[in-house]
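One structure below.
The values are calculated or read from the model by the stated rules, or taken from the named source; none is laboratory data. If you're wondering where the values come from, they're calculated on a predicted model, not measured in any experiment. Here the Cβ is made from the backbone with ideal geometry for all residues, glycine too, and neighbour counts use every protein chain on show.
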Amino acid sequence: MTRPPSSRVSPELAAALVRSFRDTLRRLHSVGHPPAPQTANVTMPQFRLLALVAKGPEGLTVGWLARTLGLTAPTVSGVVDRLVAAGLVERRRCLDDRRKVAVLATERGRRLVDEALAAREEHLRRLFAEMEEEDALDLLHGLEALGRALERYRADRGPDE
């Protein structure tokens with residue numbers, strides 16, 4: 001049965017969804033992740049920032065990265081310093097505003113991210129292959145519904161909330 005888009009779930013169902021989501025994430029993390037490429041000796045916080053820079057729009061600033069990652073600008077600046085030293089990102093003055101400095105992934109940084117994400121995708125494909133077909137379809141529909149809810153949530157609250 002399809003509910004109208006304006007309907008909301010009950011508080012009890014919302015609480016059950018939160019519990020199930022949290023438990024599923026915990027179990028997913030317990031299965032482990034494929035090892036990240038070790039050629040650069042990158043920490044997880046460094047990788048998260050590198051992935052944002054490599055896969056995001058060009059010209060991300062330290063301020064934007066800090067807000068997105070929920071960190072302070074000085075913390076992000078330190079992470080960027082270490083990634084610059086490793087040859088994975090570079091800083092470049094923005095052409096439209098010379099006061100701003102953009103963080104850009106180098107070719108080596110993009111390659112590292114691509115390799116790590118490909119390994120993670122393969123890891124998830126193997127995990128999903130363990131599911132029954134009907135359960136996998138249900139999960140797909142649920143994830144699509146969650147994606148739509150996230151878009152409505154973002155639209156209702158604005159990008160900076």
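Being closer than 22 Å to residue 149 by Cα, assigned by TED's automatic domain parsing to the domain that holds residue 116 and modelled with pLDDT under 95 is the requirement here; does residue 68 meet it? Break it down stepwise before answering.
Numbers: closer than 22 Å to residue 149 by Cα: yes; assigned by TED's automatic domain parsing to the domain that holds residue 116: yes; modelled with pLDDT under 95: yes.
So residue 68 passes the test.
Which one is surrounded by the fewest Cβ atoms within 10 Å (Cβ to Cβ), of the residues in segment 82-99 that are without any contact (Cβ under 8 Å) to a residue 24 or more places away in the chain and not in a loop (DSSP other than H, G, I, E, B)?
85
Within the group 72, 61, 24, 43, which residue is among the polar types (S, T, N, Q), free of Cβ contacts under 8 Å to residues at least 60 places away in the same chain and closer than 30 Å to residue 140 by Cα? Talk me through it step by step, then tell me what you get.
Working: 72 fails: closer than 30 Å to residue 140 by Cα; 61 fails: closer than 30 Å to residue 140 by Cα; 43 fails: closer than 30 Å to residue 140 by Cα.
After applying the criteria, what remains is 24.
Output the residues belonging to segment 86-104 that are of a type in the set (A, V, I, L, M) and within 15 Å of residue 76 (Cβ to Cβ).
Step one: of segment 86-104, the residues of a type in the set (A, V, I, L, M) are 86, 88-89, 95, 101-104.
Residues satisfying the conditions are 88, 89, 101, 102, 103, 104.
Quick one: in segment 100-149, which of the residues that are touching a residue at least 12 places away in the same chain (Cβ under 8 Å) and outside any helix (DSSP H, G or I) is surrounded by the most Cβ atoms within 10 Å (Cβ to Cβ)?
Across segment 100-149, the extreme among qualifying residues is 103.
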